[in-house]
1. May I ask you to list the residues in segment 62-104 that are among the basic types (Lys, Arg), touching a residue at least 24 places away in the same chain (Cβ under 8 Å) and over 26 Å from Ser10 (Cα atoms)?
2. Would you list the helices (runs of 4 or more DSSP H) that sit entirely within segment 16-125 and hold 2 or more residues that are touching a Gly at 6+ places or on another chain (Cβ under 7 Å) and either under 22 Å from Val4 (Cβ atoms) or modelled with pLDDT of 90 or more (or both)?
3. For the condition open to solvent by 30 Å² or more (accessible area, probe 1.4 Å), within 29 Å of Arg111 (Cβ to Cβ) and either in contact with a strand residue (DSSP E or B) (Cβ under 7 Å, 6 or more places away or on another chain) or not hydrophobic (A, V, I, L, M, F, W, C) (or both), what is the one hit in Lys90, Lys75?
4. Does segment 1-8 contain at least one residue that is at pLDDT below 90 and closer than 20 Å to Leu92 by Cα?
5. Starting from segment 107-123, keep only residues that are free of Cβ contacts under 8 Å to residues at least 40 places away in the same chain, then list their pairs with residues that are outside any helix (DSSP H, G or I) and surrounded by fewer than 11 Cβ atoms within 10 Å (Cβ to Cβ) whose Cβ atoms are within a distance under 8 Å, requiring at least 6 positions of separation or different chains.
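The values are calculated or read from the model by the stated rules, or taken from the named source; none is laboratory data. None of the values given here were measured: they were computed from a predicted structure. Note: ideal-geometry Cβ built from the backbone for every residue, glycine included; neighbour counts use all protein chains shown. Calculation scope for accessible area: heavy atoms of the full protein, side chains included, ligands and nucleic acids excluded. Shrake-Rupley method; radii C 1.70, N 1.55, O 1.52, S 1.80 Å.
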Amino acid sequence: LKDVTCDFTSWLSRGWCRMELHALLLARHTDTPAIVVRGDGNQACSMMAAASALGNTPGLGEFTCCQRNHMIGNKPIKCDKEVIGSVVWKMLKKRLDSILSKKNESLLEYRAWKALVSHEMRGLT
């Protein structure tokens, strides 16, 4: 994109990108970290702990729709936060249900995720 910085910092500032990271964090069957590739791919890759997503909630990210005051030309558009809110809520619910369905899982893990629900939903509708 012309005159637009596209790097890891800008990626982490965008709401939709943050949602991607949260999808990894909330995945029920993996502890796989995010792999960060910088530059042209010839540089060393690094791993990013999925838990680092907690400081970058999707609803507090930047959204083009909000920057455009929910208008494209003269036509109103829906806020992306409504879509993301629904998706994040479903992922959180699936994570909680998954923990409860496992007989040997820790109640502590369930309580931790339950306590994070309002944090994860900040800025979302």
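1. Lys94, Arg95
2. Those helices (runs of 4 or more DSSP H) span 80-101.
3. When all the criteria are applied, what remains is Lys90.
4. No, every residue in segment 1-8 fails to be at pLDDT below 90 and closer than 20 Å to Leu92 by Cα.
5. Listed pairs, sorted by first residue: none to list.
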